[in-house]
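What follows draws every value from the coordinates through simple rules; no lab data is involved. The shown structure was predicted, so the numbers you read here are calculated from the model rather than taken from an experiment. Cβ: placed from backbone, ideal geometry, glycine included. Neighbour counts: every protein chain shown.
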């Protein structure tokens, strides 16, 4: 029930401080979800559900979070290297992390404190569920939002 209290608190905040259109949309979604008549999920109640050819809000959020962590990890790599070389080094770091490190720590909720900053960011990126790539071109696209 605590989650419902939080949801209603957010609704009250949106209605008090948000624009009327957003408040009406959020109230309609909350009403649809909380009445539970058709057992719809919250994302569907808010209109975030995927349709053919579109990604779900969850997938988009996971990718956004993954890319944020990948960018932070990227900044841990020697800035004197060129962008392409840094992406290649990142690809190798991800490959090593996924094959040698992650299998031992995958059940943890947080990265070990003694782990390098780069690997901590890779751990958080992996935990998003969005999947990592070891292709430097893909990593380049993530870093530079292409």
task: Would you calculate a helix-derived [θ] at 222 nm for the chain, using -39,500 (n - 2.57) for each DSSP H run of n ≥ 4 and dividing by the full residue count, to the nearest 500?
output: -19000 deg cm²/dmol
- line: Expressed as a whole-number percentage, the relative contact order of the stretch 2-47 with C-alpha contacts under 8 angstrom and at least six residues apart is 28 percent
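What percent do you get for the relative contact order of the chain when only Cα pairs under 8 Å and 6+ apart count?
Details: 121 pairs, mean separation 33.9, N = 146.
Relative contact order, the chain: 23 percent.
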query: In square nanometres, what is the average projected area of the Cα convex hull of the chain?
result: 12.3 nm²
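Rounded, prolate or oblate: which one fits the stretch 58-143, using the alpha carbon gyration tensor with axes a ≥ b ≥ c (rounded when a/c is under 1.5, else prolate when a/b beats b/c, else oblate)? Can you show the working numbers first?
On the way: a/c = 1.72, a/b = 1.24, b/c = 1.39.
Judged from the Cα gyration tensor, the stretch 58-143 comes out oblate (a/c at least 1.5, b/c at or above a/b).
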- prompt: To the nearest Å, what is the center-to-center distance of the stretch 126-146 and the stretch 69-119, using C-alpha atoms only?
  reply: 12 Å
- prompt: Using Cα atoms only, what is the angle between the long axis of helix 57-74 and the major principal axis of the chain, expressed in degrees (0 to 90) to the nearest 10?
  reply: 30 degrees
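Tell me, 7, 108 in order of fewest to most beta-carbon neighbours within 10 Å?
Ordered from fewest to most neighbouring Cβ atoms within 10 Å, 7, 108 come out as 108, 7.
Assuming R0 = 30 Å, can you tell me the calculated FRET efficiency for the pair residue 7 and residue 92, based on Cβ-Cβ distance, to the nearest 0.05? Walk me through the numbers on the way to the answer.
Values: r = 43 Å, r/R0 = 1.44.
Step by step, r from the Cβ atoms, then E = 0.10.
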- prompt: So if R0 is 30 Å, what FRET efficiency would residue 57 and residue 27 give, r being the distance between their Cβ atoms, rounded to the nearest 0.05?
  reply: 0.95
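Using the number of other C-beta atoms within 10 angstrom as an exposure proxy, rank 25, 136 with the fewest first. Kindly include the intermediate steps, with their values, before the conclusion.
Details: 25 15, 136 19.
Least to most surrounded, the residues fall as 25, 136.
How big, on average over all directions, is the shadow cast by the Cα convex hull of the stretch 2-47, in nm²? Write down the numbers at each step before the final one.
Working: hull surface 12.2 nm².
Mean orientational projected area (the stretch 2-47, Cα hull): 3.0 nm².
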message: How high is the relative contact order of the stretch 58-143? Use alpha-carbon pairs under 8 Å, at least six apart in sequence, and give a whole percent.
response: 50 percent
query: Using the alpha-carbon atoms, what tilt in degrees (0 to 90, nearest 10) does helix 117-127 show relative to the longest principal axis of the chain?
result: 40 degrees
